[in-house]
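Reading through the structure tokens given below for one structure.
The values are calculated or read from the model by the stated rules, or taken from the named source; none is laboratory data. Given the structure is predicted, the values throughout are model-derived calculations rather than measurements. Using ideal geometry, Cβ is built from the backbone for each residue, glycine included, and neighbour counts are taken over all protein chains shown.
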Ligand SMILES: [Zn+2]
């Protein structure tokens, strides 16, 4: 082990054992020790004392649409990873769709890795895609290092990434289970979507009626039965419907290997407050009513929901028209996720350690990166965010590093200012400034 080169000190360090005053020793980009606050600084090591600002593990956001290459006017690795770093995120996992090509073959994965390599300000991993007809590509993608596979059960929004029928889902999932891989699923039942009123236009209530909660509940129920029969590992993406939670809790109690995520926008925004025509709030499944949001928070508290991830899915401003039926569906929130979730979490009596569990520890574990990521503990990468949790700021879209500055959070006052972000012991972002990209491309085995 190389000699200590850096000591990061704070009166509030969030560790797996709790929040406490500590001095975190770093060597070669790795945490080597977590010592008492007043521990001697080893000879030759540099001390960074953050006072009372909180030192927490860098967030691991496992649901980001970077769209690069192919739709780089929507986002890209350079802008997405800078925005993420500004928001305290040190690892993101890129979704397999909305880029061209989608990540559905090993060749396409290589294309994406080549594009990302020199632009990644934080560490980047990749999901593969499970499409109709690419069952033969799944094992090679797994062996090439994707962290799991994404599938849709209803139309994805882009034609190059078609959804799976129930029969195709069964085939893909059986193949993924054969190597004990993970399938992550956009769970809305297309039959229920087709049967719902499709009014279109600028009224949010009409959009909400077009994506009813039972479309989610039915798809989740079917997924549970597939996973149960195959003893497969599945994960429900961006759960919005609180009514699906009892099914999930019961399945888990039965030993079904299912995990669940939700997103900052479902936890912090409500249908009641979406102005008509404001399609920056459009995503699928949709932001639902305040009473539903309470169910999501209860499920975070009781552990039924494991993870909170952004589902950052921007587009250019011109695609965010005032017609909810045709506007691009996706919420842009990468840079704001930590502050947005913390703001509502603290209001509801949760601690910052809870937020870290949902947004770093559990997400790292979901994708098998928990030997290196997701905790301030010896042996983990020295990835950190330094946060002033009591400080507030008002969201100014002009201050965002996303490629497109359309956001549902504009004008909101949020708690939690990210002072700096650290990757493997290097300060990579502070005060709107960034170092040259030094992120690595992560694979399942490295
Ligand atoms: Zn998504």
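Would you tally the residues in the range 305-319 being in contact (Cβ under 8 Å) with a residue 12 or more places away in the chain and either surrounded by fewer than 21 Cβ atoms within 10 Å (Cβ to Cβ) or under 22 Å from residue 82 (Cβ atoms) (or both)?
Start the filter on the range 305-319 by keeping residues that are in contact (Cβ under 8 Å) with a residue 12 or more places away in the chain, which leaves 305-317.
Narrowing further to those that are either surrounded by fewer than 21 Cβ atoms within 10 Å (Cβ to Cβ) or under 22 Å from residue 82 (Cβ atoms) (or both): 308-317.
Looking only at that region, the number is 10.
For (1) touching a residue at least 60 places away in the same chain (Cβ under 8 Å); (2) in the same structural domain as residue 10 (by TED's automatic domain parsing); (3) touching a strand residue (DSSP E or B) at 6+ places or on another chain (Cβ under 7 Å), each residue gets a yes or a no:
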| residue | (1), (2), (3) |
| --- | --- |
| 82 | yes, no, yes |
| 86 | yes, no, yes |
| 96 | yes, no, yes |
| 101 | no, no, no |
| 116 | yes, no, yes |
| 128 | no, no, yes |
| 134 | no, no, no |
| 143 | no, no, no |
| 168 | no, no, no |
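All told, residue 67 meets the bar of being in contact with a helix residue (DSSP H, G or I) (Cβ under 9 Å, 6 or more places away or on another chain), in contact (Cβ under 8 Å) with a residue 12 or more places away in the chain, closer than 30 Å to residue 399 by Cα and in a loop (DSSP other than H, G, I, E, B).
Given the structure, is residue 172 modelled with pLDDT of 95 or more, over 28 Å from residue 360 (Cα atoms) and in contact with a helix residue (DSSP H, G or I) (Cβ under 9 Å, 6 or more places away or on another chain)? Against the criterion (modelled with pLDDT of 95 or more, over 28 Å from residue 360 (Cα atoms) and in contact with a helix residue (DSSP H, G or I) (Cβ under 9 Å, 6 or more places away or on another chain)), residue 172 qualifies. Yes or no: the range 195-206 includes at least one residue that is in a helix (DSSP H, G or I) and either within 16 Å of the ligand (Cβ to nearest atom) or buried (at least 19 other Cβ atoms within 10 Å of the Cβ) (or both). Yes, that holds for at least one residue.
Here residue 36 passes the criteria (1) within 16 Å of the ligand (Cβ to nearest atom); (2) farther than 25 Å from residue 444 by Cα except the one numbered (1). Given the options 319, 352, 334, 338, name the one that is more than 16 Å from the ligand (Cβ to nearest atom) and under 19 Å from residue 402 (Cβ atoms). Every option except 338 fails the conditions. Remark: residue 316 matches the filter, which requires a residue to be within 29 Å of residue 75 (Cβ to Cβ) and at pLDDT below 95. Whether a residue is surrounded by fewer than 23 Cβ atoms within 10 Å (Cβ to Cβ) and outside the structural domain of residue 25 (by TED's automatic domain parsing) was assessed, and residue 44 does not pass this test. All conditions in (1) touching a helix residue (DSSP H, G or I) at 6+ places or on another chain (Cβ under 7 Å); (2) on the phi < 0 side of the Ramachandran plot hold for residue 231, with the sole exception of (2).
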